[in-house]
C-alpha cells in the first residue's frame, strides 16, 4: 500500500481484509500511539441524554442538522454497534464513571426518580437509609485522573445521588456545574415539583439562560482556565431529554408534571441542533487554544430515544432492552492516534470507554475493583478485527425486570412484569430490527444464553 492511495480505496481494501468497515482501518501514516515525550492528553467526554441511534446526520438522520457532530465523526471513529450499559440515565452514568457494571454498586439499576425516589426494592431500601447514589468508595475515573494530576470538571447533568455525600466534588471533580437530578425545566432549572436543581461546586445557584447553552458556556470557560496541565472535562448535556423545550420556548412559569413529557419532533430537532451548536463551540475552543492535537474527544448517548426520537433501523425505545433502547451513537476522535473517517462495527459498551480513558491517561484502576470492559480504543488503534463479545444487561423498575445477553450475533431477552413473562431470541445479523423471535425454534441457543446470563448475574451481585 502506498501513501498515494485514496482514503476511499483504502477503506474498501480494509473492508475486504477485516470484514468490517473501519475496525481495522488505520490510515497511511497514522501514528498509533502518542509521542513518548507528549504530556498526558486532555480528555473531553460528551454524554447526551435520550438521543436515538438515528438522530444524527452521520447516522443517516434526515431531519436534524448536526454539523459539528458530523465533523467529529469525519475526524474520528464512528461506532455502529455501541451499546449503552442501560436503557436509562443513572445506571449508564454509573457504569461510565466506574468502568464496571452498575449492578455491582446497588440501587442504581434504574434512574433515580424525581425528588430522590427509589424505583425498585433495593433502591427503595437504600433511599430509606440515605444511601441511594454512587459512593465515593467505588472506582471513579474522575478521581483516578485527579490523583494523576488532571484538572477535572463536570458541566451538565449529574443524576447520581441527591445526598450531599454523592455530589461531584466528593467523587473526584474539582469543578462542577449543572442540575443535580435527572430532568429539569431548561429555563427555570427546576424539577416538575418546582424544586430548583442547579448547582455549582455543591451549592445551589440561580442562573438565567437556556440550560444547554449554560452547560456549553461552563465547559468552554473551564477549558480556557486551564494553563498547560492535562484536564478531564465531562459534559453530560441534558438535551434532548424531556421537558421538550427549544432555545426560544421560555415560559413565565416552569413546566408541571402533567406536561413534562409532552412535545413534538420539531421541538426535539431544535434541542438536538442547539446541543450540536454547543459541541461546535467546545471544539472551536480546543482548536483556538491549539489543544486538539493532544485531546481525546468522546461523544455518546446514555440510552436510546423515546418515541419522539428516531431509533431507526432498530425497534424498541428507552427503558427497554430491544436494540432501540440501548444501541446508540458513539464517536471518538484523537488526532494522529485514532483513524479519521473510520467506522467500527465492533460490539462495545459504555464501560469499555472508561478502560480506554484510564489507559490513555496513564492511570490504573483499583486492584480490588478492576474494570469490567475492554480497552476498546486500543483495539481500534491497533487495527484489531471485530471480536466476538458477550454483553449483558439487567434493568429494573418496580415489578418489571428486563434482562438481555448478546453473544456474537445472537441476543436473548427476558422480560418479566409481575406475573407476566416473555422471552425472545434474535439473530442480529439477519434481523437487526428484532422482528423474528427464534426462542421456541432454537431452544438450545436460548438455554445456552440463559446460562451465560445467570452466571453473569452471580458475578456482578453487589455487596453493599
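Computed from the C-beta positions of residue 248 and residue 58 and an R0 of 25 Å, the FRET efficiency is 0.45 to the nearest 0.05. With 0.36 nm allotted per residue and the present C-alpha distance subtracted, the residue 307-residue 384 stretch has 24.1 nm of extension available.
Distance between the 7 Å Cα→Cβ label points at residue 345 and residue 366: 4.0 nm.
Over every pair of different alpha-carbon atoms in the range 90-171, take the mean of 1/r and invert it; report that Kirkwood radius in Å.
One decimal place: 12.9 Å for the Kirkwood radius.
Stretched out straight at 0.36 nm per residue, the stretch from residue 359 to residue 419 would grow longer than its current Cα-Cα span by 17.1 nm. Rounded to the nearest 0.05, the FRET efficiency derived from the C-beta distance between residue 287 and residue 164 at R0 = 45 Å is 0.75. For the range 277-414, treating each Cα as an identical point scatterer without solvent, what Debye log10 I(q)/I(0) comes out at q = 0.09, 0.14, 0.15, 0.18 1/Å? Ignoring solvent entirely, the Cα scatterers give -0.35, -0.82, -0.93, -1.22. Take every DSSP beta bridge whose two residues both sit in the chain, then give the antiparallel share in percent to the nearest 5. Roughly 60 percent of the beta bridges in the chain run antiparallel, per DSSP. Residues 300, 271, ranked from the fewest to the most other C-beta atoms within 10 Å, line up as 300, 271. Each of 127, 200, 164, 310 was scored by other Cβ atoms within 10 Å of its Cβ. Listed from fewest to most, they are 164, 200, 127, 310. Given the alternatives (1) 0.93; (2) 1.25; (3) 1.02, Cα Rg over 2.2 N^0.38 Å as computed for this entry is given by (1).
With neighbours defined as other Cβ atoms within 10 Å of a residue's Cβ, the residues 78, 394, 225, 93 order from fewest to most as 225, 394, 78, 93.
A Förster radius of 22 Å, combined with the Cβ-Cβ distance separating residue 67 from residue 213, puts the computed FRET efficiency at roughly 0.80. Taking 8 Å as the Cα distance limit and 6 or more residues as the minimum spacing, I'd like the relative contact order of the range 392-459 as a percentage. Worked out over the range 392-459, it gives 24 percent. Using only Cα atoms, locate the centre of the range 362-392 and the centre of the range 165-211, then give the distance between them in Å, rounded to an integer. Cα centroid of the range 362-392 versus Cα centroid of the range 165-211: 32 Å apart.
All of the numbers you see were taken from the coordinates with simple rules; none came from a lab. This one's a predicted model, so the numbers in the text were calculated from it and none came from an experiment. Counting neighbours? That spans all protein chains shown, and the Cβs are built from the backbone with ideal geometry, glycine included.
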